[in-house]
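The values are calculated or read from the model by the stated rules, or taken from the named source; none is laboratory data. Remember, predicted model here, so these are calculated numbers, not experimental data. All Cβ positions, even for glycine, are placed from backbone atoms using ideal geometry, and neighbour counts span all protein chains on display.
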Amino acid sequence: MIVSVASGKGGTGKTTVAVSLALSISEEEVQFLDCDVEEPNASIFLKPQIEEALPVSIPVPRIDQEKCNFCGKCAEVCAYHALAVLPGKVLVFPHLCHGCGGCSLLCPQGAITEVGREIGTMEIGRSGDIEFIQGKLNVGEAMPAPLIRAVKERARKSMNSTTLTIVDAPPGTSCPVIEAVKDSDFCILVTEPTPFGLNDLALAVEVLRKLGIPFGVVINRSGMGNDKVDFYCQENNIPILLRIPFDREIAVLYSQGIPIVQGKKEYMERFRGMMNRIQELLLI
Amino acid sequence: MKQILVISGKGGTGKTVLTSSLAALAKGAVLADCDVDAADLHLLLHPVVKEVQDFWSGQKAAIDDEQCINCGRCLSLCRFEAVKTLKNQDGSLKKLAIDPVACEGCRVCYYTCPVDAIRMEDRLSGQLFISETKYGPMVHAKLGIAEENSGKLVALVKQKAQEIAEAEGKTWLIIDGPPGIGCSVIASLAGVDLALIVAEPTLSGIHDMERVMDLAVHFGVLAKVFINKCDINWDNTRTIEEICQKRGIEVIGRLPFSEEVVRSLVAGVPVVKFSQGEIAEEIVTLWRKIEAIFGEGVVLSGKKEQRF
């Protein structure tokens, strides 16, 4: 089963919830995927032993100057303007390339091959019984989606029918979030009871409805702002899975990189309860 | 005109709270919300929308069922897993369809379909708003749900905001940035005079601050750090200060955690307009320092003055 943790708004507690959930479930094999590849933070809390680090590349064109006759077909078919053909010269802009393979496939001279351009690193390791995989986008790279795809693909290799895979997703509502949460059996949306939390929760809900993924809400820093998130969930028939109170002690634990379930053991049971609730919701 | 961008790497460190207050303090500013995924600045500045523009960006493929012979060529060539096989009840192939969310508009299927059954359609990816607020004109946007090209929409928001600032002779462009370090952050950084990095003293906050700092340096943008919720963990606050010192990046101010900020959020008002306490004073001081960087304002001296 794949459970993703997303939020719309950043800083609501996705990593807190994802890490705590992973540490609370001991019966099954647990995989943890940090798919917030722009700013991966779960390793701060799970402190995994990294056993393998692999560069992740996307294929970009390389022009064989011997074969190229500068016909301009590649630039014409490229939807991302990653190629420009001048008389006697082809310019490649690798940062614009999405790696679709169109140019090499359609070059009439067969003059284009593809070479890898590294966009980040995938790290694989273990934190206790948890298999840990994270993506780290290189600074200056614009496209996180292929790296997220690589992390999920790697996870699929060691996944079996009883594995619980927890995906820590990036904030927002655009392509990296979609890449991280798609194929999930369930998505936990973490929010906070403020106007910002509510606004961005509503956007995240639209994303999940569009993708057809069942979901529920965790209200973090409960008691901090107002009740409008509660009313919104009630009106829209969205189950509230868990409330984590607004508590300075929890904020301090977080600041030190200590998972809430280790600093406050009673939360172990609450996160297990949340997982049971999710399983019940999926049976309905 | 000087462009100030508020970024953080990590989400939820207080970018929008700070941006809204700077907007309220700056005289003669244009405001822009470049967090087009999950925009929140409007919740504090309450813009009145004057103009809406559709944002068309890229294309998506669609299969004409009449023409399609189910050869599966598109399925095997698509690298974005955007071609889906729909099955009949008995498990046999019913038809091929494009998943518009996964499609990146590369046109490989369109060019290679042997029976020309694929057409490309323009994609409405969002909307851009030009608005008026109490504190000046504001440009903001809403990326369509599950759409891509947020970097392009960010670039468009900035371009419009710059045009307005130039046409109206404004001194400042104050920009609320997105979290992360990816395409929309890179687009936000282009041409900026100061990247104000809002950091929080948590281990995650420090990690993310360093990455976004690297990004600002990579693109040659002047960066300064503002520490929010500095009293959550003083050791970490000191670590941030040490990192900044080592890297030659100024810590331009800091704020303690305050429920006053939460109350101002709930009230929907920039905190400098909501209360006159310590928090508001610190932000006024920050703004004075920013003015001083660009030689626009009074150099700070001794006692802070109230300015509301």
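Against the conditions (1) touching an Asp or Glu at 6+ places or on another chain (Cβ under 9 Å); (2) surrounded by fewer than 24 Cβ atoms within 10 Å (Cβ to Cβ); (3) within 16 Å of residue B:145 (Cβ to Cβ), residue A:176 satisfies every one except (2). Filter segment A:60-88 for residues that are away from chain B (no Cβ under 11 Å), in contact (Cβ under 8 Å) with a residue 24 or more places away in the chain and touching a helix residue (DSSP H, G or I) at 6+ places or on another chain (Cβ under 7 Å); which is surrounded by the fewest Cβ atoms within 10 Å (Cβ to Cβ)? My answer is A:60. From the list B:152, B:160, the one residue that fits, being within 20 Å of residue A:143 (Cα to Cα) and either within 14 Å of chain A (Cβ to nearest Cβ) or out of contact with any helix residue (DSSP H, G or I) (no Cβ under 9 Å at 6 or more places or on another chain) (or both), is B:152.
For segment B:162-170, the condition holds for at least one residue, the condition being that it is closer than 26 Å to residue B:283 by Cα and crowded, with 23+ Cβ neighbours inside 10 Å. For segment A:104-121, the criterion of a residue being under 30 Å from residue B:178 (Cβ atoms), touching an Asp or Glu at 6+ places or on another chain (Cβ under 6 Å) and among the hydroxyl-bearing types (Ser, Thr, Tyr) is satisfied by no position.
The residues on offer are A:43, A:57, A:4, and the sole one that is more than 11 Å from every other protein chain (Cβ to nearest Cβ), within 16 Å of the chain's Cα centre (by Cα) and hydroxyl-bearing (Ser, Thr, Tyr) is A:4.
Consider segment A:205-256. How many of its residues are surrounded by fewer than 20 Cβ atoms within 10 Å (Cβ to Cβ), within 10 Å of chain B (Cβ to nearest Cβ) and within 26 Å of residue A:184 (Cβ to Cβ)? Number satisfying all stated conditions: 4. None of B:92, B:125 is at pLDDT below 95 and crowded, with 19+ Cβ neighbours inside 10 Å except B:125.
Any chance you could count how many residues in segment B:148-189 are within 23 Å of residue B:9 (Cβ to Cβ) and of a type in the set (Asp, Glu)? So the count comes out to 2. Can you find a residue that is farther than 21 Å from residue B:108 by Cα, in a strand (DSSP E or B) and within 14 Å of chain B (Cβ to nearest Cβ) anywhere in segment A:89-105? No, every residue in segment A:89-105 fails to be farther than 21 Å from residue B:108 by Cα, in a strand (DSSP E or B) and within 14 Å of chain B (Cβ to nearest Cβ). With respect to the conditions (1) within 19 Å of residue B:17 (Cα to Cα); (2) of a type in the set (Val, Ile, Thr); (3) assigned to a helix (DSSP H, G or I), residue B:239 falls short on a single one, namely (1).
Within segment B:1-18, the set of residues being β-branched (Val, Ile, Thr) and away from every other protein chain (no Cβ under 12 Å) comprises B:4, B:6.
Each residue in segment B:51-76 was checked for being among the β-branched types (Val, Ile, Thr) and either closer than 20 Å to residue B:92 by Cβ or assigned to a helix (DSSP H, G or I) (or both), and 2 of them qualify. Just so you know, in segment A:106-140 the residues that are of a type in the set (A, V, I, L, M, F, W, C) and in a loop (DSSP other than H, G, I, E, B) include one that is nearest to residue A:48 (Cα to Cα), and it is A:139.
All of A:130, A:112 fail the test of being surrounded by 14 or more Cβ atoms within 10 Å (Cβ to Cβ), under 26 Å from residue B:78 (Cα atoms) and of a type in the set (Val, Ile, Thr), apart from A:112. Taking the stated definitions as given, is residue B:194 touching a residue at least 40 places away in the same chain (Cβ under 8 Å) and more than 30 Å from residue B:100 (Cα to Cα)? When the stated conditions are applied, residue B:194 passes them. Of B:266, B:261, B:225, all but one fail to be part of a strand (DSSP E or B), within 24 Å of the chain's Cα centre (by Cα) and either surrounded by 21 or more Cβ atoms within 10 Å (Cβ to Cβ) or within 11 Å of another protein chain (Cβ to nearest Cβ) (or both); the exception is B:225. Please find, among B:251, B:212, the residue that is closer than 20 Å to residue B:19 by Cβ, modelled with pLDDT of 95 or more and within 10 Å of chain A (Cβ to nearest Cβ). It is B:212. The residue list B:146, B:199, B:195 contains one member that is within 29 Å of residue A:15 (Cβ to Cβ), more than 12 Å from the chain's Cα centre (by Cα), among the hydrophobic types (A, V, I, L, M, F, W, C) and at pLDDT below 95, which is B:146.
The set of residues in segment A:148-172 that are outside any helix (DSSP H, G or I) and under 11 Å from the mean Cα position of the chain (by Cα) comprises A:166, A:167, A:168, A:169, A:170, A:171, A:172. Does residue B:20 satisfy the condition of being surrounded by fewer than 18 Cβ atoms within 10 Å (Cβ to Cβ) and part of a helix (DSSP H, G or I)? Taking the combined requirement at face value, the residue does not satisfy it. Tallying residues that are within 20 Å of residue A:258 (Cβ to Cβ) and either in contact with an Asp or Glu (Cβ under 7 Å, 6 or more places away or on another chain) or at the interface with chain A (Cβ under 8 Å from one of its Cβ atoms) (or both) within segment B:228-244 yields 4.
Among the residues of segment A:45-59, the ones that are at positive phi and surrounded by 18 or more Cβ atoms within 10 Å (Cβ to Cβ) come to 0 in all.
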